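To start, the structure under review is shown below, and the notes come after it.
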């Protein structure tokens, strides 16, 4: 009876995860373990960072979406990963060539990605991974309204993560990555730092800083940065904070807040997100530190 009830709980949670709007981090998982993550994010803005990094007024735009992610440990040192983002963008007061339009919107899949992660070092103090991502270029790009759901190019990313675990109550990490772009988009260097503290039983405070630096080695002409949302030569620095609660060994939830510090060719807004993670394993779960292997579209979110 207890076994049937446990399976029923897993089924209910899985059905809840599928329609949920998501953003997520990707942790290294053990062999025969699967993580299914789902989250929702929302932001609204009336200004953008112009080519000089200063703020400029823009039409009111809503930027929201979901991401459904799977991570599976098929070997003691290998993980396979999959990201499915759904992006919703809406703009009011857009200056259409035929006159002022009251509203334009788009809701389509973003750039679906597959990834592989290899565990280089893992001991009681240090954990290091190398991760590769490949985009399938599935995003929708509407050149009429500039309301895109991603870059729509087959970019490839490679990341190196290094994490230091002081104790179950505190950890810190750093990452460095390279994004090889195409379709006249410039290559990028990504970097950042992360940390996590145990506040009380099962409640964690996560913090993160992320940087995107464009190498500007392709076309130097940016996409219309008022509405484009996904730009060539985009540069930015963001900081994020998250409260994460581990309700069970197999289930956790979080809420996070992200603020832009500096940008170029990119919208200026705070992002709020919520999410949950379901862990399925045939053996006891050992938590891994936060790492950097989020989907490219999920640059704003910690968890």
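The values are calculated or read from the model by the stated rules, or taken from the named source; none is laboratory data. Keep in mind it's a predicted model, so treat the numbers as computed, not measured. All Cβ positions, even for glycine, are placed from backbone atoms using ideal geometry, and neighbour counts span all protein chains on display.
Could you identify the single residue in 292, 256, 273 that is under 24 Å from residue 162 (Cβ atoms), in contact with a strand residue (DSSP E or B) (Cβ under 6 Å, 6 or more places away or on another chain), surrounded by 22 or more Cβ atoms within 10 Å (Cβ to Cβ) and at pLDDT 90 or above?
Numbers: 292 fails: at pLDDT 90 or above; 273 fails: under 24 Å from residue 162 (Cβ atoms).
Just a single option satisfies the conditions, and that option is 256.
Report the residue count in segment 77-96 for those that are surrounded by fewer than 19 Cβ atoms within 10 Å (Cβ to Cβ), free of Cβ contacts under 8 Å to residues at least 60 places away in the same chain and part of a strand (DSSP E or B).
So the count comes out to 10.
Does segment 42-55 contain any residue that is closer than 25 Å to residue 261 by Cβ and in contact with a helix residue (DSSP H, G or I) (Cβ under 8 Å, 6 or more places away or on another chain)?
First, the residues of segment 42-55 that are closer than 25 Å to residue 261 by Cβ: 42-55.
Now narrow it down to the ones that are in contact with a helix residue (DSSP H, G or I) (Cβ under 8 Å, 6 or more places away or on another chain): none.
The answer is no; no qualifying residue exists.
Pairs, please: C-beta under 8 Å, at least 6 apart or cross-chain, first residue over 20 Å from residue 161 (Cα atoms) and in segment 189-207, second outside any strand (DSSP E or B)?
198/168; 198/169
Table: residues versus (1) part of a strand (DSSP E or B); (2) at positive phi; (3) in contact with a strand residue (DSSP E or B) (Cβ under 6 Å, 6 or more places away or on another chain); (4) crowded, with 17+ Cβ neighbours inside 10 Å.
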{"residue": "36", "(1), (2), (3), (4)": "yes, no, yes, yes"}
{"residue": "48", "(1), (2), (3), (4)": "yes, no, yes, yes"}
{"residue": "57", "(1), (2), (3), (4)": "yes, no, yes, no"}
{"residue": "60", "(1), (2), (3), (4)": "yes, no, yes, no"}
{"residue": "67", "(1), (2), (3), (4)": "yes, no, yes, yes"}
{"residue": "70", "(1), (2), (3), (4)": "yes, no, yes, no"}
{"residue": "75", "(1), (2), (3), (4)": "no, no, no, no"}
{"residue": "104", "(1), (2), (3), (4)": "yes, no, yes, yes"}
{"residue": "134", "(1), (2), (3), (4)": "yes, no, yes, no"}
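Any idea which residue in segment 151-169 is farthest from residue 88 (Cα to Cα), counting only those that are under 16 Å from the mean Cα position of the chain (by Cα) and at pLDDT 90 or above?
161
Suppose the filter is surrounded by fewer than 19 Cβ atoms within 10 Å (Cβ to Cβ) and without any contact (Cβ under 8 Å) to a residue 12 or more places away in the chain; does residue 167 pass it?
On the way: surrounded by fewer than 19 Cβ atoms within 10 Å (Cβ to Cβ): yes; without any contact (Cβ under 8 Å) to a residue 12 or more places away in the chain: yes.
Yes; evaluated as a whole, the condition is true for this residue.
Hey, any hits in segment 212-231 for a residue that's touching a strand residue (DSSP E or B) at 6+ places or on another chain (Cβ under 8 Å), modelled with pLDDT of 90 or more and surrounded by fewer than 20 Cβ atoms within 10 Å (Cβ to Cβ)? Explain how you work it out, then say what you get.
Restricting attention to segment 212-231, the residues satisfying the condition of being touching a strand residue (DSSP E or B) at 6+ places or on another chain (Cβ under 8 Å) are 212-215, 225-227, 229, 231.
Next cut, modelled with pLDDT of 90 or more only: 212-215.
Restricting the remaining residues to those that are surrounded by fewer than 20 Cβ atoms within 10 Å (Cβ to Cβ) gives 213, 215.
The answer is yes, given that some residue of segment 212-231 is touching a strand residue (DSSP E or B) at 6+ places or on another chain (Cβ under 8 Å), modelled with pLDDT of 90 or more and surrounded by fewer than 20 Cβ atoms within 10 Å (Cβ to Cβ).
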